[in-house]
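Below: the structure, in structure tokens.
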Amino acid sequence: MHTPRTESPHRPPRQRPAALSTGMLALCSALLLALVATEWGALLALDGDISRATHRWAVAEPTLTRTARILTDWVWDPWTMRVLCGVAAGLLVWRYADRWTALWLVVTVAVATAVQQGLKAALDRPRPVWPDPVDSAHYAAFPSGHAMTATVVCGLLLWLLHRHGVRRVLWRTALITAVVSVTGVGLTRVWLGVHWPTDVLGGWILGALVVRAAVAVHRHRHPGTAAQPRPSTPRPGMRRGSVHRPRE
């Protein structure tokens with residue numbers, strides 16, 4: 001008796017590149033973690049060369065250094081990013097009544113913070129030390145909390161904007177702002193001499209990995225389209241859907 005051959009279900013085309021990019025990010029994260037944990041000589045030498053050069057420039061350019069401190073301490077600070085996340089979560093609840101996505105957003109940022117702090121404690125990588133520092137920071141170096149938090153928050157918000165189908169002008173503005181913020185915060189951390197370049201690289205890669213994983217969870221839970229805005233409450237004396245015309 002011939003048994004019919006059953007084919008395994010094919011993965012939807014959209015999921016294939018997503019799974020591939022997630023796997024690549026996980027591989028890069030694991031590789032960088034291993035190199036940092038084992039204190040690979042070539043990596044330490046590269047970090048040292050770049051950091052010494054940027055520190056000389058930071059000392060020689062006090063105005064640019066003050067600007068970098070303002071940007072990293074106020075504009076791109078992790079708490080600024082978390083407040084932005086909270087505002088977005090509130091908007092999801094108030095405008096779209098999407099409590100699940102709001103909770104997903106807040107929990108993802110909290111998990112990213114826990115992962116970041118756990119890795120700092122586990123690796124305990126020392127920060128750069130300079131005889132003439134231009135800034136200071138606490139806790140261990142790897143990964144950069146500023147870079148990772150900015151990557152997670154900006155990545156999640158960009159995905160939500162794309163999911164809700166915002167206008168092209170708003171999308172391009174948000175995309176440019178996110179790219180400048182994520183790149184800029186990483187560069188300021190190295191410029192100010194409080195992180196090694198690979199700390200920032202690790203923050204970027206790990207942050208992107210968290211975003212990919214969170215998006216996969218959201219798509220599994222809500223595979224459909226985004227929630228629609230709440231209908232506006234009609235004013236007294238007006239039928240729902242009617243257009244109010246001012247008197248001449």
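The values are calculated or read from the model by the stated rules, or taken from the named source; none is laboratory data. All values reported here derive from a predicted model rather than from experimental measurement. Heads up, the Cβs are rebuilt from the backbone with ideal geometry, glycines too, and the neighbour counts pull from every protein chain shown. We work out accessible area using only protein heavy atoms, side chains counted, and drop any ligands, DNA or RNA first. Shrake-Rupley method; radii C 1.70, N 1.55, O 1.52, S 1.80 Å.
Taking the condition part of a helix (DSSP H, G or I), at negative phi, open to solvent by 60 Å² or more (accessible area, probe 1.4 Å) and of a type in the set (G, A, S), does A122 pass?
yes
Touching a helix residue (DSSP H, G or I) at 6+ places or on another chain (Cβ under 7 Å) and at pLDDT 95 or above, is that true of V182?
When the stated conditions are applied, V182 passes them.
Name every residue in the range 55-68 that is surrounded by fewer than 17 Cβ atoms within 10 Å (Cβ to Cβ) and in a helix (DSSP H, G or I), in order of residue number.
R56, W57, V59, A60, P62, T63, L64, R66, T67
Every residue in the range 125-150 that is buried (at least 18 other Cβ atoms within 10 Å of the Cβ) and of a type in the set (F, W, Y), please.
Hit for the range 125-150 is F142, nothing else.
Spot the failing condition for G90; the list is (1) assigned to a helix (DSSP H, G or I); (2) at positive phi, and only one is missed.
(2)
Kindly indicate the residue of the range 191-248 that is assigned to a loop (DSSP other than H, G, I, E, B) and either acidic (D, E) or surrounded by 19 or more Cβ atoms within 10 Å (Cβ to Cβ) (or both) and also modelled with the lowest pLDDT among those meeting that condition.
That would be E248.
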